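Read the figures in this text as sums done on the coordinates, not as results from a lab. Model, not experiment: these values are computed from the prediction. Here the Cβ positions follow ideal geometry from the backbone for every residue, glycine too, while neighbour counts run over all protein chains shown.
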Amino acid sequence: MTQWLSQPTTIWLTGASSGIGDSLARALLADGHHLIATSRRRETLEALGQGPSGKVTVAPADTTSRDDLARIQDTLDRQHPVQMAILNAGTCEYLDVRRFDADIIENNVRTNLLGTAYSVETVLPALRAARDEGLPARLVIVSSSAWWFPFARAEGYGASKAGLTYFAESLRADLAAEGIGVTVVSPGFVKTPLTDQNDFPMPFLIEADDAAQRIVKGLRQGRNRIDFPKPFTVTLKLLRLLPRRWADALAARMARSEDGASS
Ligand SMILES: NC(=O)c1ccc[n+]([C@@H]2O[C@H](COP(=O)([O-])OP(=O)(O)OC[C@H]3O[C@@H](n4cnc5c(N)ncnc54)[C@H](OP(=O)(O)O)[C@@H]3O)[C@@H](O)[C@H]2O)c1
């Protein structure tokens, strides 16, 4: 098994300006890696580069824009060899089914699924160039474990992350012949600006720095799948073993109680 991150590596990280991405950036920089950091907010990325350690190349882009990403491609070429891409940029918009608005579905899918697919398109030539020189190369795709159970209001977010996980797993099969690995990260609840907006209980919530450490540890171990925290992901896996009728009844009951709590 390839030992990842055991020596300084050039890594493209999206969603580096906040939450899990910001914590990941700081952890990787502290370990001496070179980051090409992407998100829409340039000033936040520049602040990352002013820290005490590591090297940051600031590459702002909206990952839902292929024009923006075409500009990143030049940056990636100049920073050869890029051996890892951590595609973490994401959003979460909840649906209020009483005012059904398909824009919510579209926004989640555009950022989480299409934005990640555009990012893969952008970085694959760089990863292939690394492979051509006999270097290891890996895509790391930050999905979620939320879609493992039909949570209320998560139609758009869950669909985008279910699609993203399938996309990543299928990509792993196709890229295996080229020796490019694909890791899927499936976090439970992590305290970030994204979840600070949630008005419902978040069981087994962990800090963003903790999430970053778990991701780095999983990558060092060469894992294809990184799921955490275990009490949350194991509970979801057990729920998936329930007879469908029971799972549906439980999901509907949770949706009703959440509706009552938020109205
Ligand atoms: N927090 C959780 O509980 C949790 C659980 C499971 C999975 N996740 C996943 O983890 C990832 C990070 O989430 P987080 O909780 O750390 O959220 P966050 O604090 O809101 O960070 C999201 C990051 O994505 C960037 N981003 C969003 N849309 C973008 C776009 N169109 N183009 C470029 N960058 C964009 C944001 O930067 P700008 O605003 O500067 O563009 C920010 O850096 C997401 O994929 C999320 O779905 C989070």
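Quick look at the numbers
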read-out	value
For Val184, net neighbour charge (Lys/Arg +1, Asp/Glu -1) across residues whose Cβ lies under 11 Å away	+2
Positive-pole candidate from Gly181, Gln50, Thr111, dipole of the chain, charges at beta carbon	Gly181
Cβ-placed point charges (K, R +1; D, E -1), dipole of the chain about Cα centre in debye, nearest 20	800 debye
Virtual spin-label span in nm between Ala252 and His80, 7 Å along Cα→Cβ	5.9 nm
Highest-MSF residue in the chain out of Leu127, Leu114, Leu205 [GNM, Cα springs under 10 Å]	Leu205
Simple label model, 7 Å out from Cα along Cβ direction - Ala117 to Asp96, nm	3.1 nm
Selected from Gly134, Gly163, Gly90 as most flexible by GNM, with the chain as the system and alpha-carbon contacts under 10 Å	Gly134
Cα-centred dipole magnitude for segment 27-176, charges only on beta-carbon of K, R (+1) and D, E (-1), debye, nearest 20	200 debye
Distance between segment 185-236 and segment 129-145 - C-alpha centres, whole angstrom	21 Å
Computed [θ] at 222 nm, helices only, for the chain once each DSSP H run of length n ≥ 4 contributes -39500 (n - 2.57)	-15000 deg cm²/dmol
Max mean-square fluctuation residue, GNM over the chain, Cα-Cα springs under 10 Å, options Ala129, Ala177, Ala211	Ala177
Most positive-pole-ward Cα, Thr14, Phe228, Leu127, against dipole of segment 10-262 from beta carbon charges	Phe228
Rounded, prolate or oblate (a/c below 1.5 giving rounded, otherwise prolate when a/b exceeds b/c) for the chain by Cα gyration tensor	prolate
Listed peptides 29-36, 249-256, 13-20 by packing density, highest first (mean Cβ within 10 Å)	13-20, 29-36, 249-256
